[in-house]
1. Could you tell me how many of the residues in region 111-121 are over 20 Å from residue 216 (Cα atoms) and either within 17 Å of the chain's Cα centre (by Cα) or at pLDDT below 95 (or both)?
2. Of the residues that make up region 101-118, is at least one within 15 Å of the ligand (Cβ to nearest atom), under 16 Å from residue 8 (Cα atoms) and out of contact with any strand residue (DSSP E or B) (no Cβ under 6 Å at 6 or more places or on another chain)?
3. Any idea which of 239, 223 is farther than 20 Å from residue 171 by Cβ and free of Cβ contacts under 8 Å to residues at least 60 places away in the same chain?
4. Going through region 179-216 one residue at a time, which ones are in a strand (DSSP E or B), in contact with a helix residue (DSSP H, G or I) (Cβ under 8 Å, 6 or more places away or on another chain) and under 16 Å from residue 241 (Cα atoms)?
5. Residues being in contact with a helix residue (DSSP H, G or I) (Cβ under 7 Å, 6 or more places away or on another chain) and either over 11 Å from residue 245 (Cα atoms) or within 12 Å of the ligand (Cβ to nearest atom) (or both): count how many of those fall in region 12-30.
6. Scan region 269-291 for residues that are farther than 24 Å from residue 10 by Cα and touching a residue at least 60 places away in the same chain (Cβ under 8 Å) and report the count.
7. Restricting attention to region 81-98, does a residue exist that is within 16 Å of the ligand (Cβ to nearest atom) and either more than 18 Å from residue 7 (Cα to Cα) or in contact with a strand residue (DSSP E or B) (Cβ under 7 Å, 6 or more places away or on another chain) (or both)?
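The values are calculated or read from the model by the stated rules, or taken from the named source; none is laboratory data. None of the values given here were measured: they were computed from a predicted structure. Here Cβ is always computed from backbone atoms with ideal geometry, including for glycine, and neighbour counts include all displayed protein chains.
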Ligand SMILES: [Fe+2]
C-alpha cells in the first residue's frame, strides 16, 4: 500500500510586508486584493491544523499543488521553502508551481529555483515534467504557472511538456505503473472560467485520453471536485482540491481540506481509495469528510 496526500493552494500567510519598489507592477493589485479579501480567506491557523492532521496520517508522500505563496515576493519564496522543509523534505514532498508562484517574473535564483529540490526528477531528467517513482507508483509533475496580465490567472503548458508527458505516460503505462499526474490548473476544458483556465486544456485532455493515467490531481479553483475522463485505458479520476488554508466555510466544497489516496495492487488491477479530511467549521477539528473508491 502506498499513501499519497494531496494538498493545494496554501497561499501562505502572513504576507511579508512588501517594499514599495516591489509593488510597481501587477503586485500592487494583488496586494490590495490580499488586504481587501484574501487575507481573511487564507488563514495560517487553518493551514497549520490541516498540515498537523496530514502528518499524523503518515503519508508515504505529499503532493503540493501550487500557489504556495501570493505575490511572488522574495521573502515569500524563502518562507515557503521553510514551510516545505517542515512537511518532510524533498524526498517526501513534491511540488508543482501555481500562477501565484509565478505572479510576476522573478529571477530563478531568488524565486522558484529555491524549491528545485522539491520539483526534481529522481532519474536523470531536467525541468518539467519531472518524474518521481515509488515502486510501481509514478508521480509526474507539470508546470503550468506563468505570469499573466492583471485579472487573469490562466496557465500554459508548452508543446515540449505535452509531448514529454505523453511519452512518459505511454512508457509507464506499458509497464503497468500507477500513473499520477500533478498540476496546478484544471487539466480539462470547462473546469475554470476562461480568464483562469489552462490554455492548452483541450490538448492535455487529448494526451490523457490517448496515453491514459490512473489519477490526475489539480488545485487552482479552490473547489473540491471529481470528474471522470474517459480514456483508452479506462476512466481517469480527475480530482481538484480546495485551498488547504481556506477559512471560508459557506460551501462544503470550498472549506479547507486535503485528500489522502491509498493505492495498492490487487491481482492484476490497481485499487485506489480517496479519503478527504478537513474542517467543517471555523475552530472545529479536522475530521474525515468523505471516503470513496476511485478504482479497483
Ligand atoms: Fe490559488
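1. Going through region 111-121 one residue at a time, the tally reaches 4.
2. Checked region 101-118: at least one residue is within 15 Å of the ligand (Cβ to nearest atom), under 16 Å from residue 8 (Cα atoms) and out of contact with any strand residue (DSSP E or B) (no Cβ under 6 Å at 6 or more places or on another chain).
3. Every option except 223 fails the conditions.
4. 181, 216
5. Total meeting the criteria: 6.
6. Number satisfying all stated conditions: 2.
7. Yes, the conditions are met somewhere in region 81-98.
Residues checked against (1) over 14 Å from the mean Cα position of the chain (by Cα); (2) buried (at least 22 other Cβ atoms within 10 Å of the Cβ); (3) over 20 Å from residue 40 (Cβ atoms):
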{"position": "216", "(1), (2), (3)": "no, yes, yes"}
{"position": "223", "(1), (2), (3)": "no, no, no"}
{"position": "228", "(1), (2), (3)": "yes, no, yes"}
{"position": "236", "(1), (2), (3)": "yes, yes, yes"}
{"position": "244", "(1), (2), (3)": "no, yes, no"}
{"position": "255", "(1), (2), (3)": "yes, yes, no"}
